[in-house]
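Values in this text are rule-based calculations from the coordinates and carry no lab data. Predicted model only: the values in this text are computed from it and were never measured. Using ideal geometry, Cβ is built from the backbone for each residue, glycine included, and neighbour counts are taken over all protein chains shown.
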């Protein structure tokens, strides 16, 4: 990555953080990447109790205007603003810490005890890694060992326990 591109990303991060503060939302994740001649800026927003579509739209309009004024990237760009979703990906230590006590699905880069895939309850997360309880056993993984991790939301969590019709 060229230093010039890194500077642009840092500027974009600062502008995104500024708009997030004004809009009183949390930047859950930010991805900036080249796609052919364009730059793709993907912002995932969150807040306590979840984020609404109107909040994403408002943030997108304000950030779009700020990006036009400051012009932190050469050429055309595409801006996408959304919620991280129910089965949100977990990347940063703060993401893992925020879902302590919930079910997560983890795909590892290398197998541990013959398996790369683990689903269980996230028991604890710190700066170095996290502990997962699966079938009564505890496993500790470093963040570097994780290829992909997502919160796993069950239908029961979404809709509650159903009542059978009589």
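Applying 1/(1 + (r/R0)^6) with R0 = 45 Å to the Cβ-Cβ distance of residue 69 and residue 102, what FRET efficiency is obtained, to the nearest 0.05? Intermediate results must be reported in sequence, preceding the final value.
On the way: r = 40 Å, r/R0 = 0.89.
The calculated FRET efficiency here is 0.65.
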For this session: Quick one: angle between helix 3-23 and the longest Cα principal axis of the chain, in degrees between 0 and 90, rounded to 10, please.
Result: 80
Exercise. For the chain, what relative contact order do you get, as a whole percent, if you take Cα pairs closer than 8 Å and at least 6 residues apart?
Worked result: 17
For this session: Could I have the simple spin-label model distance between residue 52 and residue 38, label points 7 Å from Cα toward Cβ, reported in nm to one decimal?
Result: 2.9
Seminar exercise, completed: Mean separation of Cα contacts under 8 Å (at least 6 apart) over the residue count of region 93-155, i.e. the relative contact order in percent, is 36
Exercise. Taking 0.36 nm per intervening residue step and subtracting the Cα-Cα distance, what contour gain separates residue 117 from residue 31 on full extension?
Worked result: 28.4 nm
Exercise. Of all DSSP beta bridges located in the chain, what percent are antiparallel, nearest 5?
Worked result: 85
Exercise. Which angle between 0 and 90 degrees, to the nearest 10, do you get for helix 53-70 versus the longest principal axis of the chain when only C-alpha atoms count?
Worked result: 40
Problem set entry | Label assignment, Cα extents along the principal axes in Å derived from the structure, set [x] 88, 30, 25; [y] 54, 48, 28; [z] 51, 41, 22 | [y]
For this session: Could you tell me the distance between the Cα centroids of region 82-127 and region 1-74, to the nearest Å?
Result: 25
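How large is the helix-only mean residue ellipticity at 222 nm for the chain, computed as the sum of -39500 (n - 2.57) over DSSP H runs with n ≥ 4, divided by its residue count, in deg cm²/dmol to the nearest 500? Numbers along the way, then the final one.
Working: 4 runs with 50 residues, N = 166.
After summing the helix terms and dividing by the residues of the chain, the value is -9500 deg cm²/dmol.
Tell me, what is the FRET efficiency for residue 138 and residue 86 to the nearest 0.05, using R0 = 22 angstrom and their Cβ-Cβ distance as r? Working shown, then result.
Details: r = 26 Å, r/R0 = 1.18.
Computed FRET efficiency for residue 138 and residue 86: 0.25.
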